[in-house]
Ligand SMILES: *Cc1c(COP(=O)(O)O)cnc(C)c1O
């Protein structure tokens, strides 16, 4: 088959290669296409090429974009990768299939109630403030065990940990630290790695990579 190279083919090939080097199978890594700021016209080619996991960082933007796309592609899985305000918990639970930004007790309370009310258990990653940058959100490292306990008590299915390492310095130590914290807490899924560093993240155990600009081009 003679297929033109597209960013999606290229990223998938690089994911498979990194997984192979790490002694993992390519399907051990989920590619989440981060489509924030991009409109339906930019997203549709990826859907047509078979990509089904997408990520957004704002509830309102996702509510505006995805219902129409989803009626055409009902098997899309939508991931929330941005900071979530507690007053948007109901909307987030209704729209998203996975939440990567559970990071504080007040959000545990809000999401627990929202999931109970909706009768819908949405898998969550606990976001860890891996580089001690509170402005990015994320749970302080020492508080992770207590937050995990609170989430379980609230009936929230926590499947792993997520991080966004500091910009401008080598990400590998932060990925390795997240993997260690996850292992210490009995969690086996890791949401880490973006356009610049997803191969490194895969070498260090990422199960979900969040790739935006390498798929869609720079955001405006
Ligand atoms: C925007 C974003 C990404 C994707 O970043 P790129 O560098 O464009 O790949 C991944 N994760 C989060 C949390 C984001 O906000």
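Here, each number is a calculation from the coordinates, and none is a lab measurement. Every value quoted in this text rests on a predicted model; they were computed, and no experiment measured them. All Cβ positions, glycine included, derive from the backbone under ideal geometry; neighbour counts span all protein chains shown.
Quick one: which residue in 193, 155 is in contact with a strand residue (DSSP E or B) (Cβ under 7 Å, 6 or more places away or on another chain) and at positive phi?
One residue alone meets the criteria, 193.
Taking into account only those residues within the stretch 178-213 that are out of contact with any helix residue (DSSP H, G or I) (no Cβ under 8 Å at 6 or more places or on another chain), in a helix (DSSP H, G or I) and farther than 27 Å from residue 116 by Cβ, which is nearest to the ligand (Cβ to nearest atom)?
This residue is 213.
Given the stretch 33-110, what helices (runs of 4 or more DSSP H) lie entirely inside it while holding 1 or more residues that are under 25 Å from residue 154 (Cα atoms) and in contact with a helix residue (DSSP H, G or I) (Cβ under 8 Å, 6 or more places away or on another chain)? If you could, list the steps in order and put the result at the bottom.
Working: elements: 40-48, 59-72, 89-95.
Per the criteria, 59-72, 89-95.
Would you be able to tell me the number of residues in the stretch 23-45 that are surrounded by fewer than 20 Cβ atoms within 10 Å (Cβ to Cβ), more than 15 Å from residue 198 (Cβ to Cβ) and within 15 Å of the ligand (Cβ to nearest atom)?
3
Which of the residues spanning the stretch 113-168 are more than 20 Å from residue 189 (Cβ to Cβ) and surrounded by 13 or more Cβ atoms within 10 Å (Cβ to Cβ)?
113, 114, 116, 118, 131, 133, 136, 140, 166
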